[in-house]
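Scroll down for the structure; my scribbles are underneath it.
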Amino acid sequence: MNAKRIATTAALALTIPLGLAACGSSGSSGNSSSGSAASSAPSAMSSSSSSMSSGSAMNASKPFGPGCASVPKDGKGSFNGMAADPVATAASNNPLLSTLVTAVKKAGLVDTLNSSKSLTVFAPTNSAFAKLPKATLDKALGDKAMLTKILTGHVVSGRLTPMQLAGSHKSLAGNTIKVTGSGSSFKVDGTASVICGNVQTANATVYIIDSVLPSN
């Protein structure tokens, strides 16, 4: 009997640590799984933040303004169509800018604008030119030097994003263009409003405006 009791006691002594070890192993596994889930949470948050940031960047890169509704939805004059061509060619395909294109051709600036590497163009609409007295417009269209100065006074070297737009910018004509505002509301030289901004062409960013800028 004593031998049997000793054998039973020894068996129990061996079984208890093994059971405890198994419990410990299970608990450890649970903690590891929990830790893994916890560590994946920041990763998921980071991914979500990245997606939101990316989405904001995409929205910031889109054209803005009430005048954008008048831009053709497809074809060469659409936003996608203009993005594929250099700026003078792109403008020639946009029905809002036909008077500007006529002026650019008369000034002999098509090749200059199309071959420039990086520009920002403040582009007056047809209605903007129509605000000018007919005699003034006719005189400008008939005087190449005057027309060149007026048109290059609407062009800045480098592509300005909406975030960079507010401030003073030196035009190719040497005058200073002053832009005020933020978000999707901007005034240019205190007289013109940006009605469709951040329009991309192959070599320029275009801000379509509702008035011709004064020559100074």
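Taken together, the values in this text are just the output of simple stated rules run on the coordinates, not laboratory data. Treat the numbers as computed from the prediction; the structure is a model and nothing was measured. In this analysis, Cβ positions are derived from the backbone assuming ideal geometry, glycine residues included, and neighbour counts consider all displayed protein chains.
Among the chymotrypsin sites (Phe, Trp or Tyr not before Pro) within the range 129-214, not one is in coil by DSSP while having at most 15 neighbouring Cβ atoms inside 10 Å.
Under 5 Å between amide hydrogens, built in the peptide plane, is the criterion, and for THR125 it picks out ILE209, SER211 among residues at least 5 positions away or on other chains. Extension gain for LYS131-SER184 works out to 16.7 nm (0.36 nm per residue, less the C-alpha to C-alpha distance).
Please grab the % of Cα pairs in the range 81-216 that end up more than 21 Å from each other.
33 percent
Calculated FRET efficiency, ASP74 to LEU141, Cβ-Cβ distance, R0 = 25 Å: about 0.20 to the nearest 0.05.
Quick one: order CYS196, CYS68 by neighbouring beta-carbon count within 10 Å, fewest to most.
If I rank by nearby Cβ atoms, fewest first, I get CYS68, CYS196.
Taking Lys and Arg as +1 and Asp and Glu as -1, the other residues whose beta-carbon sits under 13 Å from that of GLN200 total +1. So, counting K/R as plus one and D/E as minus one, what does the shell of residues with Cβ under 11 Å around ASN93 add up to? With Lys, Arg at +1 and Asp, Glu at -1, the net is 0.
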